[in-house]
Number of protein chains: 2
Amino acid sequence: MSEPGFDADFPAHVERALEKFLREAGDPIRAMEPSTGPGVDALSEFVLGGGKRLRPTFAWWGWRGAGGDPAGPDAEGVLQAVSSLELVQACALIHDDLMDSSDSRRGSPTVHVAFAKRHADHGWLGSAASFGQAAAVLLGDLALAWADDMFAAAPLPATTLAAARPAWRAMRTEVLAGQYLDVHTQATGDSSPEAALRIDRLKTAAYTVQRPLHLGAALAGADDRLIGTLLSFGRDLGVAFQLRDDLLGVFGDPSVTGKPAGDDLREGKRTLLLALGMELAAAQHREAVAAVIADAVGDKDLTEDAVTEVREALTEVGAVAAVERRIDDLTAAALASLDAAELAEPAATRLRELAVQATQRKY
Amino acid sequence: MSEPGFDADFPAHVERALEKFLREAGDPIRAMEPSTGPGVDALSEFVLGGGKRLRPTFAWWGWRGAGGDPAGPDAEGVLQAVSSLELVQACALIHDDLMDSSDSRRGSPTVHVAFAKRHADHGWLGSAASFGQAAAVLLGDLALAWADDMFAAAPLPATTLAAARPAWRAMRTEVLAGQYLDVHTQATGDSSPEAALRIDRLKTAAYTVQRPLHLGAALAGADDRLIGTLLSFGRDLGVAFQLRDDLLGVFGDPSVTGKPAGDDLREGKRTLLLALGMELAAAQHREAVAAVIADAVGDKDLTEDAVTEVREALTEVGAVAAVERRIDDLTAAALASLDAAELAEPAATRLRELAVQATQRKY
């Protein structure tokens, strides 16, 4: 049984569901083999330690919008099914941090760094870095396996869960394909706006917005027409969301975003913003400006002053304005799809709020 | 519908099921994002390129032994469900090779090596090794996600599949816990026979024999008593199987095993054989002999002559005889459990044959 209260403070309910699942999944393996304890603890802390719970939230409102009743018998099961998206995300982040050799996440050491430190602190044998790498590979795998376990164990009628399987399948394959495309694009050096947009569509739009909405709506038994409209909404909103992220990654105020200014540049992220910046500079025959942008991408030692220069370059050539305009257009298109979907209230209102927040946020 | 022929040449049926699934899962993502083609191909080739199909085979005979009818309506669905174990195994091997920095597997380059080479051949940007590592992380993840998709999509009644979920859950968590324990034990340098046995129980017995049998029997609706007996059989057989593997890893004939002689030594595997060797040498106050063994473990440049020396040392101190005795005892205990299980024929006979093959094999 559930409470109408699920709608309010939804992320807290997600955390409760995750906490319960992690305890039930972790206790047996910890009891069987105590040396796994630090790994199980690290995964739990990672999952429970933060995040906006964006994917479960989109899934929840997809369910509500397609007629899901928060006071009905399925609500608790749907909460569990959609909360499992956070475990997929844990896998994605832990493995992403490993592939990117990132040192910190949400102000804490990343998993591979924390386990390398554990190795070094104990004075263990062999390479601390290799131990950290192995721990991150295995804990990411565990998160992915547990995501499936949590989803499959959701207390829902078998036909309800089966209806959501296509979305579940597509979501996991698409995020991995998006990650691969990202790595591949960095390797080939394809800096075109088209390449950046393809990554945005797979990594952010499909994985973060479209499939969660699809999953939720399918759990409510939505028909293909409604799912199609939600997928359109999600694609436009998801790309707009990523474009806002790209702008914040270069222009964001560190005191608000919690990340050092220009970190996206140092990490070498090939965003649409940067692709447009280089393309526009080249079209305007401003080779020096194009070089300022190109040289900054992936420069791990980029100074604050150089970040300021890149900001000025992107603004001057019109890339910032172009991205802002795209965000506006995509958001408008997303909201038009949302209107066409004729969702049950309060889902329509809440998804509209989420869309505006996601695309206008400052953090 | 199925044919009684499933019993004969079972691995070929597993390969057919895998080929079909891989095509159906791979085609949409390849069509959506062509750059993922080489990744999808690599995973398919890896999965279809060999292996003894041991885990599906144990699962199949668990199902048959618990009364599953190879001419009944569930046979095709059970084939699909148990074939998915090969995708879990693909994840385990791809990620294991990455963690161990192994260069080759079944005579081909490992996934991270093949993708690093791809990067180098194309003259792409950045580090070829990092690209190879990222590809291996993502393809292992994809294999794990697809394992769940293949299992969950098996055409079986929902209650049948639900009955097998506990085995499915335990199997994936246990193999990851076993891998972690292995890495952890190598780091702490715990060279005790007890530590080696704990790894054998999780990594081999639970994952390769017990849970596949459990999964198969559960798909046939087996009761707790039968499952318990199969778990006993599987624990003893699985450890005996691993001990035979350990002996072959040091004493195997390369022309039969297909692996260089003494490769387990170079890789630094901490097996019960080596643990007993060192323990027995110490008990006999033969410090020089103990040192021969200890120095060989993890020595990547170990010569053929040094391998011969280790073989002599292990034989002299009685470690080989002790491991052979343990294999005999465990096999006898396993076969006694098998008799107690009173399985339907021909499963009892086939599992007995598998047990004898697995523990007496020369490759």
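The values are calculated or read from the model by the stated rules, or taken from the named source; none is laboratory data. Computed from a predicted model, the values in this text were never measured in an experiment. Methodologically, a virtual Cβ is constructed for each residue, glycine included, from the backbone with ideal geometry; neighbour enumeration extends over all protein chains shown. The accessibility values were calculated without ligands, DNA or RNA, using every heavy atom of the protein model including side chains. Shrake-Rupley method; radii C 1.70, N 1.55, O 1.52, S 1.80 Å.
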Completion exercise
Exactly one of B:Ala167, B:Ala222, B:Ala217 is closer than 30 Å to A:Pro157 by Cα, open to solvent by less than 30 Å² (accessible area, probe 1.4 Å), at pLDDT 95 or above and within 19 Å of the chain's Cα centre (by Cα), and that one is B:Ala167
Problem - Selected residue (criterion: farthest from B:Pro346 (Cα to Cα)) from residues of segment B:66-97 that are open to solvent by 10 Å² or more (accessible area, probe 1.4 Å) and in a helix (DSSP H, G or I) - result: B:Asp96
Fill in the blank from the handout: Picked from segment B:154-178 (must be at the interface with chain A (Cβ under 7 Å from one of its Cβ atoms) and among the aliphatic types (A, V, I, L, M)), the residue farthest from A:Glu24 (Cα to Cα) is B:Ala158
Exercise for the section: Considering only segment B:336-346, state which residues are touching a residue at least 24 places away in the same chain (Cβ under 8 Å) and of a type outside the set (S, T, N, Q). Expected result: B:Leu338, B:Ala340, B:Ala341, B:Leu343, B:Ala344, B:Pro346
Practice task
Among the residues of segment B:318-363, write down those that are open to solvent by less than 30 Å² (accessible area, probe 1.4 Å) and of a type in the set (D, E, K, R).
Solution key: B:Arg361
Practice task
Of the conditions (1) open to solvent by 10 Å² or more (accessible area, probe 1.4 Å); (2) of a type in the set (Gly, Ala, Ser); (3) within 19 Å of A:Ala164 (Cβ to Cβ); (4) not assigned by TED's automatic domain parsing to the domain that holds B:Pro260, B:Ala114 clears all except one; give me its number.
Solution key: (3)
Exercise for the section: Go through segment B:179-196 residue by residue and tally those that are open to solvent by less than 20 Å² (accessible area, probe 1.4 Å) and more than 7 Å from chain A (Cβ to nearest Cβ). Expected result: 4
Exercise for the section: Would you check if there is a residue in segment B:307-324 being within 26 Å of B:Pro109 (Cβ to Cβ) and in contact (Cβ under 8 Å) with a residue 12 or more places away in the chain? Expected result: yes
Completion exercise
Given (1) within 29 Å of B:Val14 (Cβ to Cβ); (2) open to solvent by 10 Å² or more (accessible area, probe 1.4 Å); (3) touching a residue at least 12 places away in the same chain (Cβ under 8 Å); (4) not assigned by TED's automatic domain parsing to the domain that holds B:Met99, B:Leu176 misses just (3)
Exercise for the section: Sort out which residues of segment A:144-159 are open to solvent by 20 Å² or more (accessible area, probe 1.4 Å), in a helix (DSSP H, G or I) and touching a helix residue (DSSP H, G or I) at 6+ places or on another chain (Cβ under 6 Å), and write them in order of number. Expected result: A:Ala158
Practice task
State whether the residues of segment A:235-255 include one that is open to solvent by 70 Å² or more (accessible area, probe 1.4 Å), modelled with pLDDT of 95 or more and in the same structural domain as A:Ala321 (by TED's automatic domain parsing).
Solution key: yes
Completion exercise
How many residues of segment A:264-291 are assigned to a helix (DSSP H, G or I) and surrounded by fewer than 20 Cβ atoms within 10 Å (Cβ to Cβ)? The answer is 8
Problem - Filtered residues of segment A:104-142 (kept if at the interface with another protein chain (Cβ under 10 Å from one of its Cβ atoms), in a helix (DSSP H, G or I) and hydrophobic (A, V, I, L, M, F, W, C)) - result: A:Phe115, A:Ala128, A:Phe131, A:Ala134, A:Ala135, A:Ala136, A:Val137, A:Leu138, A:Leu139, A:Leu142
Exercise for the section: Check segment A:197-207 and report whether any residue there is open to solvent by 30 Å² or more (accessible area, probe 1.4 Å), over 22 Å from B:Ala147 (Cα atoms) and within 14 Å of another protein chain (Cβ to nearest Cβ). Expected result: yes
Problem - Which listed residue is more than 21 Å from the chain's Cα centre (by Cα), away from chain B (no Cβ under 11 Å) and not β-branched (Val, Ile, Thr), from A:Ala25, A:Ala66 - result: A:Ala66
Handout entry: Leading residue by the ranking (surrounded by the most Cβ atoms within 10 Å (Cβ to Cβ)) among those in segment A:2-50 that are part of a loop (DSSP other than H, G, I, E, B) and in contact with a helix residue (DSSP H, G or I) (Cβ under 7 Å, 6 or more places away or on another chain)
Key = A:Glu33
Exercise for the section: Answer yes if at least one residue in segment A:51-65 is closer than 23 Å to A:Ala136 by Cα and either open to solvent by less than 20 Å² (accessible area, probe 1.4 Å) or assigned to a helix (DSSP H, G or I) (or both), and no otherwise. Expected result: yes
